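The values are calculated or read from the model by the stated rules, or taken from the named source; none is laboratory data. Since the structure is predicted, the reported quantities are computational estimates derived from the model, not experimental observations. In this analysis, Cβ positions are derived from the backbone assuming ideal geometry, glycine residues included, and neighbour counts consider all displayed protein chains.
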Amino acid sequence: MTAPQNAELFQPITLGDIEAKNRILMAPLTRGRATPPDFQPNEMNVTYYRQRASAGLIISEATGISVEGLGWPNAPGIWNDDQVKGWKAITDAVHEEGGKIVLQLWHMGRIVHPDFLGGEKGVSASATTAPDHAHTPTGRQPHQEARALDIDEIPRVIADYKHAAENAKKAGFDGVQLHGANGYLVDQFLRETTNLRTDEYGGPPENRVRFLREVLEALIEVWGAGRVSVRLSPNGDTQGADDSNPPAIFGAAAQVCQDLNLGFVELRQPGPDGTFGSTDVPKQDALIRSIYKGPLVLNSDYTGEEGAADIASGRCDAISYGRPFISNPDLPARIAKGAEFAPNVDVPKSWYLPGPAGYIDYPTMEEAEQAAGNAA
């Protein structure tokens, strides 16, 4: 048997209490294909995840923990029994194919437009307004100012995370990941532009990581630390959430992850030439790796060769690939062969369309080669 190219990516890895067959993780990808109006996963979602089960670990698309926390049309939820049932069909399919899957838990905070909440304001660390526009069931609309969570409300939100984690266990997942990145609620507590609080959840970094810590502690109560992870975006602005001192706040966040002995930490780190978001702010993975001693997963614009090189150098332990998994359902096979990734950059609208086009109709590498041979 010929050894795979980019062999470092094909070594098994232990991610906390999860044994992964390779180091190619599928990053969370919002695709907007759940069934409206109940945010319920469906058979099309089952096919999508089954097709991509050759990843060492799938991190599911961001999934709403509550009505209050979900503001993306046709994204899935995990707060009721019907949603649990829909997700159970997905986890069963992934496991039947020999894969592993964790559920990413999502509260969007100030990004939730009032249209999703019967006209009520979204909630955040502070009363701030996100830039640009929100995606709503009636189209793009300007973001509206959120209201600050009262300190007495925070335990309720943490309880929503815990309930979602309990539902994820019922649905058969292998663990959960806290979405702490990209300007959503956890990130809104971390960053100084979105956290203007003067109580114990605001001010210095050790206070601004309190919400992160308390949510993770609630998830660990359900799953144990080895099956809980977090995604962070530690460099640069994202949806208006930014910080003047990334090493201070994300060093503090890394210390939380170390203190709690999380299963793994995933970092989304675009560079100055990022194809989906870019920043000149230096990447923080070296700092975070010096503090958090568990498995570190890096994400953003990696090729197979680049991913293998960063693992070989010790920079990280695994790579999560996002958009390449959209049009390459068998991405590990392409990486093993050293083949080019099938492109999806020309069809971004299909990322969020409601139907199967651009979702479950991409061929595997073998199918594409057969089709090309038949056409010759």
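What the table shows:
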| read-out | value |
| --- | --- |
| Conditions (1) surrounded by fewer than 23 Cβ atoms within 10 Å (Cβ to Cβ); (2) closer than 20 Å to I158 by Cβ; (3) of a type outside the set (S, T, Y); (4) in contact (Cβ under 8 Å) with a residue 60 or more places away in the chain: number failed by A253 | (1) |
| Pick from the stretch 35-64, criterion more than 15 Å from A89 (Cα to Cα) and of a type in the set (S, T, N, Q), ranking: farthest from the chain's Cα centre (by Cα) | S54 |
| Long-range neighbours under 7 Å by Cβ, at least six apart or interchain, first residue on the phi > 0 side of the Ramachandran plot and surrounded by 13 or more Cβ atoms within 10 Å (Cβ to Cβ) within the stretch 290-314, second at pLDDT 95 or above and part of a strand (DSSP E or B) | S300/R268 |
| Some residue of the stretch 95-109 being without any contact (Cβ under 8 Å) to a residue 60 or more places away in the chain and either assigned to a strand (DSSP E or B) or touching a Gly at 6+ places or on another chain (Cβ under 8 Å) (or both) | no |
| Counted residues, the stretch 144-175 - those being closer than 16 Å to R213 by Cβ and touching a Leu at 6+ places or on another chain (Cβ under 8 Å) | 4 |
| Residue check for A342: over 20 Å from the mean Cα position of the chain (by Cα), surrounded by 14 or more Cβ atoms within 10 Å (Cβ to Cβ) and small (G, A, S) | yes |
| Any hit, the stretch 65-72, residues being part of a loop (DSSP other than H, G, I, E, B), touching a Phe, Trp or Tyr at 6+ places or on another chain (Cβ under 6 Å), surrounded by 17 or more Cβ atoms within 10 Å (Cβ to Cβ) and of a type in the set (S, T, Y) | yes |
| Tally, over the stretch 289-326, of residues that are outside any loop (DSSP other than H, G, I, E, B) and under 18 Å from the mean Cα position of the chain (by Cα) | 11 |
